[in-house]
1. I'm trying to understand the selection: among the residues of segment 39-56, which are under 28 Å from Phe95 (Cα atoms), of a type in the set (A, V, I, L, M) and touching a strand residue (DSSP E or B) at 6+ places or on another chain (Cβ under 6 Å)?
2. Given the condition of a type in the set (Asp, Glu), surrounded by fewer than 16 Cβ atoms within 10 Å (Cβ to Cβ), closer than 21 Å to Ala177 by Cα and touching a strand residue (DSSP E or B) at 6+ places or on another chain (Cβ under 8 Å), answer yes or no: does some residue in segment 19-38 qualify?
3. With respect to Ala56, determine if the residue is more than 15 Å from Ile150 (Cβ to Cβ), in a strand (DSSP E or B), at pLDDT 95 or above and within 11 Å of the chain's Cα centre (by Cα).
4. I'm told Lys49 meets every condition in (1) charged (D, E, K, R); (2) touching a Leu at 6+ places or on another chain (Cβ under 7 Å); (3) open to solvent by less than 60 Å² (accessible area, probe 1.4 Å) except one. Can you identify the failing condition by its number?
5. Tally the residues that are in contact with a Phe, Trp or Tyr (Cβ under 7 Å, 6 or more places away or on another chain) and open to solvent by 50 Å² or more (accessible area, probe 1.4 Å), restricting the search to segment 61-78.
6. Where in segment 79-184 are the strands (runs of 3 or more DSSP E), entirely inside, with at least 3 residues that are aliphatic (A, V, I, L, M), crowded, with 20+ Cβ neighbours inside 10 Å and touching a strand residue (DSSP E or B) at 6+ places or on another chain (Cβ under 9 Å)?
7. (1) open to solvent by 10 Å² or more (accessible area, probe 1.4 Å); (2) out of contact with any Phe, Trp or Tyr (no Cβ under 9 Å at 6 or more places or on another chain); (3) outside any helix (DSSP H, G or I): which one isn't true of His6, the others all being true?
Amino acid sequence: WLQQYHSSTIIDLDREQQKFRADGSTTSAADKVCVVMTADCLPVLLTDKQGSRVAALHAGWRGLCGGIIGNTLKRFDASDSVLAYLGPAISALHFEVGSEVRDQFLAHAINSVHRAKIQQAFTRSMDDRFLADLYALATAELEQNNVTQIYGGDYCSYGQFEHFYSYRRDKQCGRNASLIWLKS
């Protein structure tokens with residue numbers, strides 16, 4: 001289990017580190033489980049088509065903006081075709097943020113196409129507030145890193161109270177676990 005803290009830090013479970021303070025893990029070893037816990041943040045599960053590496057990411061807005069997806073994809077072989085699954089997270093309908101969050105994402109835009117996708121992920125709510133789409137932000141990062149096979153992204157941890165925990169909705173709550181591993 002990771003000690004998650006809304007970062008872009010990834011650990012490689014193949015190296016058997018003592019401390020698991022990170023927001024993502026990756027492995028190429030069979031039967032080692034990569035797991036993240038979420039309660040509105042976005043779980044991102046990654047694998048290559050060859051089935052030789054997997055990763056699990058806890059991708060809240062800070063981690064997404066900080067490059068957790070790009071940091072993780074560097075651990076995959078550059079020639080690998082990577083597939084992504086976006087697990088249950090708070091939807092744009094319920095995720096309101098300040099303009100400073102939008103500004104941070106825009107400051108990290110790589111090019112005009114990437115910038116346009118980031119802008120589309122934010123809808124003005126009122127005054128200096130925006131509704132942020134974590135799924136769209138993660139998709140923009142994945143596509144910027146040449147990942148085009150993206151699945152999931154159709155749940156709302158906040159709105160689907162009968163299925164998922166939501167910190168924004170309940171404050172005191174459990175966590176949703178997202179796991180991925182290679183079978184031996």
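The values are calculated or read from the model by the stated rules, or taken from the named source; none is laboratory data. Model, not experiment: these values are computed from the prediction. Quick reminder, even Gly has a Cβ in these numbers, built from the backbone with ideal geometry, and neighbours come from all protein chains shown. Surface accessibility is based on the protein's heavy atoms, side chains included, excluding ligands, DNA and RNA. Shrake-Rupley method; radii C 1.70, N 1.55, O 1.52, S 1.80 Å.
1. Leu42, Val44, Leu45, Leu46, Ala55, Ala56
2. Checked against the condition, which is being of a type in the set (Asp, Glu), surrounded by fewer than 16 Cβ atoms within 10 Å (Cβ to Cβ), closer than 21 Å to Ala177 by Cα and touching a strand residue (DSSP E or B) at 6+ places or on another chain (Cβ under 8 Å), segment 19-38 yields at least one hit.
3. So Ala56 fits the description; yes.
4. Only one criterion is unmet by Lys49, namely (3).
5. Total meeting the criteria: 0.
6. 82-86
7. Checking His6 against (1) open to solvent by 10 Å² or more (accessible area, probe 1.4 Å); (2) out of contact with any Phe, Trp or Tyr (no Cβ under 9 Å at 6 or more places or on another chain); (3) outside any helix (DSSP H, G or I), the one that fails is (2).
Rundown of residues vs (1) modelled with pLDDT under 95; (2) within 23 Å of Tyr165 (Cβ to Cβ); (3) not charged (D, E, K, R), yes/no style:
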{"position": "Leu83", "(1), (2), (3)": "no, no, yes"}
{"position": "Leu93", "(1), (2), (3)": "yes, yes, yes"}
{"position": "Glu100", "(1), (2), (3)": "no, no, no"}
{"position": "Gln104", "(1), (2), (3)": "no, no, yes"}
{"position": "Val113", "(1), (2), (3)": "yes, no, yes"}
{"position": "Asp133", "(1), (2), (3)": "no, yes, no"}
{"position": "Ala140", "(1), (2), (3)": "no, no, yes"}
{"position": "Asn145", "(1), (2), (3)": "yes, no, yes"}
